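Coordinate-derived values only; no laboratory data. What you see is a predicted model, and the numbers here were worked out from it, not measured in a lab. Every residue, glycine as well, gets a Cβ built from its backbone with ideal geometry; the counts of neighbours run over all protein chains shown.
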Amino acid sequence: MYITFTVVVVLGIAAGIFYLEVIRPGTTKIPNNIVMENAFEGEFSFDEMPRKVRLIEFMYTNCPDVCPVTTAEMSKLRHQFMKEGVFGDKVEFLTITIDPEQDTSDILQEYAQRFEVESAEDGWKFLRGTAEDTKDLADAFRFMYRDPGTGDIIHTTYTFFLDDKNNLIDKFPMGKGFDTERVYKRMMRAVNKM
């Protein structure tokens, strides 16, 4: 009896983990009517996204650790996609500040330029929205963040991979755990299915 109960509990926990990590991520719905300012020029509407495979990073420019490391790894990844000739046309990166009050367009431009992004046409958008829109978008991905009063924002440490139909396919660790080769292979599989 004890063994049967234990097996049922273990199977129930495994099913719950499977649902939360595999099934539920694909059900992420980007909220309607979110428009953010592009650091270089113009606006970016999440309602009017062309069909592309996307990697979404939430960050802030004063982050002392995982954000700049992740952005640097994404820059390496960008070069791999450029060699394949798919960056910009089939693959797009969205880097969204979670600190829009401090991260002005000028500050985001400076940050982007550290990673060789010079314009809105480079296929990598650096975005800032209202605090409300940023939170609504982050909530859709279950990306949590808050400032405990120190100016250092505590936040979830994942980037998010969307297919060309804006379905959440996977999430990848930020910082030193960001495996550029794994992300590249996973995204290229989706590009090849387009």
- Note on the structure: The answer for the net charge of residues other than E92 whose Cβ lies under 11 angstrom from its Cβ, with Lys and Arg +1 and Asp and Glu -1, is +3
- What is the packing order of peptides 107-120, 138-151, taking the mean over residues of other C-beta atoms within 10 Å and listing the highest first? 107-120, 138-151
- Item | Percent antiparallel among DSSP beta bridges (both partners in the chain, rounded to 5) | 55
- Restraint check, K83/K135; K29/K83; K76/K193, Cα-Cα greater than 30 Å: K83/K135; K29/K83
- Message: As an exercise, use a Förster radius of 25 Å and the Cβ-Cβ distance of K193 and E116 to find the FRET efficiency, rounded to the nearest 0.05.
- Response: 0.30
- Phi angles of the range 134-140, converted by Karplus (6.51 cos²θ - 1.76 cosθ + 1.60, θ = phi - 60°) into ³J(HN,Hα) in whole Hz with x for Gly and Pro, give 4, 5, 4, 5, 4, 4, 4
- Item | ³J(HN,Hα), Karplus 6.51/-1.76/1.60, whole Hz, each residue of the range 57-74, x for Gly, Pro | 10, 9, 7, 9, 5, 8, 4, x, 9, 5, 5, x, 5, 5, 4, 5, 5, 5
- Query: Only one of the listed values, [x] 48, 37, 26; [y] 53, 35, 31; [z] 66, 45, 33, was derived from the coordinates as Cα extents along the principal axes in Å; which label is it?
  - Reply: [z]
- Task: Divide by every residue of the chain the summed helix terms, -39500 (n - 2.57) for each DSSP H run of at least 4, and state the resulting mean residue ellipticity at 222 nm, rounded to the nearest 500 deg cm²/dmol.
- Result: -11500 deg cm²/dmol
- Output the Kirkwood hydrodynamic radius of the range 85-173, Cα pairs only, in Å rounded to one decimal. 14.4
- Item | Gain upon complete extension [R182, I3; 0.36 nm per residue less C-alpha separation] | 60.6 nm
- Task: Averaging sequence separations of C-alpha pairs under 8 Å and six or more residues apart, then dividing by the length of the range 31-193, give the relative contact order as a whole percent.
- Result: 31
